[in-house]
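Notes for the one structure printed next.
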Amino acid sequence: METKRVFLIVLDSFGIGALPDAHLFGDSGCNTLASIVASDKYNTPNMKRLGLFNIEGVSCLEREKAPIGSFGRMAEKSMGKDTTIGHWEIAGIVSEKPFPTYPDGFPEEVLEAFKKKTGRNVICNKPYSGTDVIRDYGQQHVETGDLIVYTSADSVFQIAAHEEIVPLEDLYHYCKIAREILQGKHGVGRVIARPFVGQYPDFKRTTNRHDYSLIPPKQTMLDVLAENGLDTIGVGKIYDIFAGKGIKETHPIISNIDGMEKTIALQGRDFTGLCFVNLVDFDMLYGHRNDIDGYAHASTVFDKQLGIFMEKMKEDDVLIITADHGCDPGFSGTDHTREYTPMLAYGSSIKPNVSIGTRETFSDIGATVLDMFGLKGNIDGTSFFHQISK
């Protein structure tokens, strides 16, 4: 049976245990899945049925006797643990160098160029939590119009501004200026607009965030599909992560729930190709905030929606669930964690109860998706389609 549609869902930060090189990233002993299953808010019977707890190295809950899906463990080969590098690797690009990070803030050469081109001064310029930074610098920004520039443990250049002081269009324009400046050795993974509203001390971030990623440096799974006339649909921040490259249609979302509702709605559409979904709440709302119960509850809610999705799948549909890195809410610190990720595959054409073991790169998923459509591209990774295909 030929595959007509692949739904590739990335549970942002849903790691399943430390990679062998986790110590190089300060992440020895991390395990996102083990942390959240310990919560009484965790209940994912559908992912269990697919084989989540049968994956090699996963021992935090009992295995399913006869999983209905194929399953495996993906190792990250790229030298990084952020969203952009993780998604790029899933799509077929192994990044040998990590994106630059700025634990001491951005160098003067970057800020001077940015101030000159925007005509505005900057304040803060150090790693900061996004909610704390507007609490501590928001009023100064309102009074002066200076832009709040900050970073995190990730490779990001973030600009926070009040929507009444800096209109959204201006903020987005400033982000594009920063993106042009931040190339080469200062080529951060993402420039992010972080607008907020309200009055001191009750400033609140809005949903008008916008990410400006680097353009992927080589061909991805998305490019190959699009070049061969297949549909490439992004749900969530997929469009931003790939800077729009290889994506024909995009559907922004406001939450995990909204993302799954939009994905389920897309099941009712006739298309041929890939629907690539990112559900970011796991990472943004729970992993980075060390909220174990919140992460567990979000997993439970996703699993219920997954059940609805699975019931609506058509004969020639394939579902693949994976992640882009870890963000263990039970680990010290609030950064991403260097972890293996799950691979769960399901559909009428997919063998039940097949383990693909441990794969050496996320890119094997991209190669497998192309293989499902009878395509090959100039991407990293080796297909495992022959192992899981009926």
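The values are calculated or read from the model by the stated rules, or taken from the named source; none is laboratory data. The structure displayed is predicted, hence computed values, not measured ones. As a convention, Cβ positions derive from the backbone with ideal geometry for all residues, glycine included, and neighbour counts pool all protein chains shown. Just the protein is used for accessible areas: all its heavy atoms, side chains included, with ligands, DNA and RNA removed. Shrake-Rupley method; radii C 1.70, N 1.55, O 1.52, S 1.80 Å.
Computed over segment 148-260, the P(r) curve from all C-alpha pair distances, binned at 5 Å from the origin, holds 2, 11, 18, 19, 19, 16, 9, 4, 2, 1, 0 percent per bin. Largest first, the three principal axis extents of the alpha carbons in segment 70-169 are 56, 30, 26 Å in whole numbers. When the alpha carbon coordinates of segment 9-83 are projected onto the principal axes, the ranges are 36, 27, 21 Å, largest first. Modelled spin labels at Ala113 and Tyr200, positioned 7 Å past Cα toward Cβ, are 3.3 nm from each other.
Classification of segment 285-390 by its C-alpha gyration tensor yields an oblate form. The axis ratio a/c (a ≥ b ≥ c) is 1.5 or more, and b/c is at least a/b.
Taking the longest Cα principal axis of the chain as reference, the axis of helix 168-181 is set at about 80 degrees.
With the whole protein complex present, Lys312 retains an accessible surface near 110 Å², based on a 1.4 Å probe. Computed extension length for Asp316-Glu163: 50.5 nm, one decimal, from 0.36 nm per residue of separation with the Cα-Cα distance subtracted.
Element breakdown for the chain at a 1.4 angstrom probe: carbon and sulfur atoms account for 49% of the accessible area. If you run the Gaussian network model on the chain, springs between alpha carbon atoms under 10 Å, then out of Asp170, Asp82, Asp211 the most flexible one is Asp170. Springs join every pair of Cα atoms under 10 Å in this Gaussian network model of the chain, and among Asp293, Asp40, Asp316 the largest mean-square fluctuation is at Asp40. Rounded to whole numbers, the Karplus 3J(HN,Hα) couplings from phi for segment 267-278 are 4, x, 8, 8, 9, 10, x, 10, 10, 10, 10, 10 Hz, using 6.51 cos²θ - 1.76 cosθ + 1.60 with θ = phi - 60°, and x at Gly and Pro. Per-residue accessible area (protein heavy atoms, 1.4 Å probe) orders Tyr150, Tyr172, Tyr42 as Tyr172, Tyr42, Tyr150, starting from the largest.
With a Förster radius of 45 Å applied to the C-beta separation of Ser255 and Glu180, the computed FRET efficiency comes to 0.90.
I need the shape label for segment 186-238. Rule: rounded when a/c is under 1.5, else prolate if a/b > b/c, else oblate, with a, b, c from the alpha carbon gyration tensor. Judged from the Cα gyration tensor, segment 186-238 comes out oblate (a/c at least 1.5, b/c at or above a/b).
Rolling a 1.4 Å probe across the protein heavy atoms gives the chain an accessible surface of 40 Å² per residue. Counting 0.36 nm for each residue step from Thr300 to Lys126 and taking away their Cα separation leaves a gain of 59.1 nm. Residue by residue, segment 101-106 carries 3J(HN,Hα) couplings of 10, 9, x, 10, x, 7 Hz when phi is fed to the Karplus relation 6.51 cos²θ - 1.76 cosθ + 1.60 (θ = phi - 60°); x denotes Gly or Pro. Using only Cα atoms and rounding to the nearest 10 degrees, what angle (0 to 90) does helix 130-144 make with the longest principal axis of the chain? Taking the Cα atoms of the chain, the angle to 130-144 is about 30 degrees. A Förster distance of 35 Å, applied to the separation of the beta-carbon atoms of Asp170 and Ser348, puts the FRET efficiency at 0.10. Cut-off 10 angstrom, C-alpha nodes, Gaussian network model of the chain. Which of Glu109, Glu261, Glu339 fluctuates the most? Answer for the Gaussian network model of the chain: Glu109. For segment 16-33, putting each phi into the Karplus relation 6.51 cos²θ - 1.76 cosθ + 1.60 with θ = phi - 60° gives couplings of 10, x, 5, 6, x, 9, 4, 5, 5, 9, x, 10, 4, x, 6, 6, 4, 4 Hz, in residue order, rounded to whole numbers and with x for Gly and Pro. DSSP beta bridges fully contained in the chain are about 35 percent antiparallel. Against the chain, whose longest principal axis is taken from its Cα atoms, helix 292-312 shows a tilt of about 50°.
Annotation: extensible slack from Ile308 through Asp291 equals 3.5 nm (criterion: 0.36 nm per residue apart, minus Cα-Cα distance).
With all protein chains in place and ligands, DNA and RNA left out, the 1.4 Å accessible area ranks Phe25, Phe203 as Phe25, Phe203, largest first.
With one equal scatterer per alpha carbon and no solvent term, the Debye-computed log10 I(q)/I(0) for the chain at 0.14 1/Å reads -1.21.
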